[in-house]
Amino acid sequence: FYFYKYVNNHDALLIINNKTLMFTNPLEFNDPFDIAPVFPEVGLSKFHSRTLQKHGQSHVLFGRRRIDFLKAMDFNELRKNFLKSWGVTCFSRSPFILPLWAHYADNHKGCVLEFRITEHMSNQIRANNGVLADIVYPLNVIYNKKRPKAYDENGVITGKSAQNILLTKDTAWAYEQEMRAFSDNSPGIYPFNKDQLHRVYCGLKMEEDSIKQIESSVMDYQKTHGKTVKVERVHLDRNEYKMSKL
């Protein structure tokens, strides 16, 4: 399958020339509700006890003091602690979403980079029990009006609940058709597999000098890694509000 990153020309050149992607900490996202789970009362006490045990602290609060303590818990601080070591890089399932060209590709002066997961890559991942190495493997964002729960009724953050927390966004963002790849080491710049970059779409307003820079970087990429990467221009449909390649 294919996935797409909308970027300005400067960032496109960095990605192509360095074969790396920036993984941003979710706390820096522009949507304050992004990766902001609900901490329900059911399971909260057990969740708190498990958190203390995980950090080697015994739970000494009982009765009224325990209730008051739970009510006074800073859930924003809990969210920060959960997210502080995560890095996220975002993509879309389509290269032709008009608002994304305006918001993330420098008002059509930038471009969209097409990445892919091949059957060979999928087989590599299965053979290594899910260990991705340098393969960037994004997951589809889930759009919902309800925020996901941070834990179940036993105060446990399961693998499924953690994934829902990281991938769920408000339905208002559904037009982005977003996909996300994660780094649980830390935010930062990480390499991607050389087979993954497949195509570059140049924006409608991209200047010729910028297109030549992209073409030159792609040519160097092909020489260095022995991989074919196509450079294409997009155009507006004559009758509908949509884009496609020339």
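The values are calculated or read from the model by the stated rules, or taken from the named source; none is laboratory data. Quick caveat: nothing in here was measured; it's all calculated off a predicted structure. Reconstructed Cβ throughout: ideal geometry from the backbone, glycine too, with neighbour counts over all protein chains shown. Surface accessibility is based on the protein's heavy atoms, side chains included, excluding ligands, DNA and RNA. Shrake-Rupley method; radii C 1.70, N 1.55, O 1.52, S 1.80 Å.
One compactness figure for segment 125-177 is 1.41, namely its Cα radius of gyration divided by 2.2 N^0.38 Å.
Mean residue ellipticity, 222 nm, helices only, the chain: the sum of -39500 (n - 2.57) across DSSP H runs of n ≥ 4, divided by residue count and rounded to 500, is -10000 deg cm²/dmol.
Sorting Asp134, Asp220 by accessible area puts them as Asp220, Asp134; the probe is 1.4 Å, largest comes first, and only protein heavy atoms count. Residues whose amide H comes within less than 5 Å of that of Ile189, counting only those at least five positions distant or on another chain, are Phe23 (H built at 1.01 Å from N in the peptide plane). A simple rule links phi to the HN-Hα coupling: the Karplus curve 6.51 cos²θ - 1.76 cosθ + 1.60 with θ = phi - 60°, which for segment 23-40 gives 9, 9, 5, x, 5, 9, 5, 7, 9, x, 8, 5, 6, 10, x, 8, 10, x Hz, with x for Gly and Pro. For the cross-link pairs Lys5/Lys242; Lys212/Lys245; Lys19/Lys205; Lys5/Lys145; Lys84/Lys146, the ones whose C-alpha atoms lie over 20 Å apart are Lys19/Lys205; Lys5/Lys145; Lys84/Lys146.
Note on segment 128-213: percent of Cα-Cα distances in each 10 Å bin, starting at 0 and stopping at the bin with the largest distance, equals 13, 30, 33, 17, 6, 1.
Relative contact order, whole percent, for the chain stands at 32, derived from Cα pairs under 8 Å and 6 or more residues apart.
Pairs of Cα atoms in the chain fall into 5 Å distance bins, from 0 up to the last occupied one, in shares of 1, 6, 11, 15, 15, 14, 11, 8, 6, 4, 4, 2, 1, 0, 0 percent.
Give the ranking of Tyr190, Tyr6, Tyr241 by solvent-accessible surface, highest area first, calculated with a 1.4 Å probe. Display every interim value, and only then the final one.
Numbers: Tyr190 60, Tyr6 25, Tyr241 215 Å².
So the residues, ranked largest to smallest area, are Tyr241, Tyr190, Tyr6.
The HN-Hα couplings worked out from phi for segment 221-233 by the Karplus form 6.51 cos²θ - 1.76 cosθ + 1.60 (θ = phi - 60°) are 4, 5, 5, 5, 9, x, 10, 7, 10, 8, 10, 9, 9 Hz, whole numbers, x standing for Gly and Pro. Ranking Ala36, Ser216, Asn25 by how far each Cα lies toward the positive end of the dipole of the chain (charges on Cβ) leaves Ala36 at the top. The listed residues Arg233, Arg180 rank as Arg233, Arg180 when sorted by accessible area, largest first, using a 1.4 Å probe.
Taking every protein chain into account, the 1.4 Å probe leaves Tyr175 with about 90 Å² of accessible area, to the nearest ten.
By average Cβ neighbour count within 10 Å, what is the ranking of 113-121, 9-17 from highest down?
Values: 113-121: 16.6, 9-17: 19.0.
With the highest mean Cβ count within 10 Å placed first, the list reads 9-17, 113-121.
The phi-based Karplus calculation (6.51 cos²θ - 1.76 cosθ + 1.60; θ = phi - 60°) puts the 3J(HN,Hα) values of segment 93-103 at 7, 9, x, 10, 9, 3, x, 5, 4, 6, 7 Hz, whole numbers, x for Gly and Pro.
Summarising the amide proton neighbourhood of Thr168: residues at separation of 5 or more, or on other chains, whose placed amide H is nearer than 5 Å comprise Ile142. Projecting the Cα atoms of Val231, Val141, Ile125 onto the charge dipole of segment 111-246, computed from C-beta unit charges around the Cα centre, puts Val141 farthest toward the positive end.
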